[in-house]
1. Compute a Gaussian network model of chain B, connecting alpha carbons closer than 10 Å, and tell me which residue from B:132, B:24, B:56 fluctuates the most.
2. Just subtract the alpha-carbon distance of residue B:16 and residue B:158 from 0.36 nm times their residue separation and send over the number in nm, one decimal.
3. Measure nothing but the geometry: give the 0 to 90° angle between the long axis through the Cα atoms of B:143-156 and the longest principal axis through the Cα atoms of chain B, rounded to 10°.
4. Suppose R0 equals 35 Å; then what is the FRET efficiency for residue A:89 and residue B:119 from their Cβ-Cβ distance, rounded to the nearest 0.05?
5. Taking the 0 to 90 degree range and rounding to the nearest ten, how far is the long axis of helix A:43-53 tilted relative to the main principal axis of chain A, both from C-alpha atoms?
6. Report, to the nearest 10°, how far helix B:110-120 tilts away from the longest principal axis of the Cα atoms in chain B, using its own Cα long axis and a range of 0 to 90°.
7. If you average 1/r over all unlike Cα pairs in the protein assembly as shown and invert the result, what Kirkwood radius do you get in angstrom?
8. Taking chain A as a Gaussian network, Cα atoms linked when under 10 Å apart, which of A:46, A:19, A:148 shows the biggest mean-square fluctuation?
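What follows draws every value from the coordinates through simple rules; no lab data is involved. These numbers were taken from a predicted model, which means no experiment stands behind them. Heads up, the Cβs are rebuilt from the backbone with ideal geometry, glycines too, and the neighbour counts pull from every protein chain shown.
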C-alpha cells in the first residue's frame, strides 16, 4: 500500500477536499519501478525484456546509468515488421534520444505529468534525478499510474 | 470541445463539487472513435492499420460488424518477432476472443471503466451497444481517455 501522505485519516472521511487531494498528488507516491536497458542491447533482446518485465516503455542508459533514450512498444513494433535481423540492430539506432525526451521529477504533481503525457502524446515518462553529470532514472510514470490515481482519489473519499 | 453535461456554468466556478463531477463522468462524454478490422485481415495489414490510425488497440468484427475480438499492440508485437510471414496469418488466429473481452457501455461511469482497465491489466475497452444479435462497437475507452478526464476535472474546477 502506498503511503497516504498529505492528510491525516480521521475515522471515516479524509480531512481534505477532493480538490485538495487532487492538487496534492505527487509523482513520488504513484510512480512505478523503471526498467532500463544498455545502448548496445539488440532490438530483439529489448523486445524480450519488455515482455518479461511486462512494461510498455524501456529507458536506455549509458555506462554511467544516465538516461540517453526511450523505447516505446510502438518504436519496437515499427522496427520489428519487415526486419529479420532484429538481433543485429542495437537499440540506440531506433530510440528517441535526449534532448527529445520528456521527463518528470519526484516532486512534480500528477496533474503536471498528466498534461505532459497528453501534450506529447506519449504513454510514459521517466522520473529522473539530476545528479549534476546527467539524469539518473529513478522511476516511471505512465497513464496506468494516472488511472490508478484517479481510482484512489475516489476510493480515498469514498465516492 | 466535449459537451459539459451535469452542471450549468455560472460565471467563474462550476456549481458541482469536484466529487460530484467525478462521480458524474460518463463514457459517452470521453470516449474515442473505435478502429475496427475484419477477422480475415492479415497481422501485417493490422499492424499497418494500427500505425495509420495511431491507436494502441484494434477491435475485430464479423460480417455483421459485431465484436468478435481485440488486438493490442502487445499481441501484434508478440506475433511479429520471429514470424516472417505476417501477411499470411489472419488476425482471428492471434486475437483475444469473446467471451474473454472486457467491454463497457456509453452510460457507464469513468470510475467503472478505470477499475476494469486496472483489474484486467489492459489498455483499452470497446464501448458496445447490445443490438440483441451481438455487440456493436460504438466507441473506445483507454487510459488516455482517463488521463484526459483527470485533467478536465482539474480544469473544470480551476485547480
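1. In the Gaussian network model the winner is B:132.
2. So the extension gain works out to 49.9 nm.
3. Relative to chain B, helix B:143-156 is tipped by roughly 10 degrees.
4. 0.45
5. It is inclined by approximately 30 degrees.
6. Tilt relative to chain B: about 40 degrees.
7. Here the Kirkwood hydrodynamic radius works out to 21.0 Å.
8. In this elastic network of chain A, the residue with the biggest mean-square fluctuation among A:46, A:19, A:148 is A:19.
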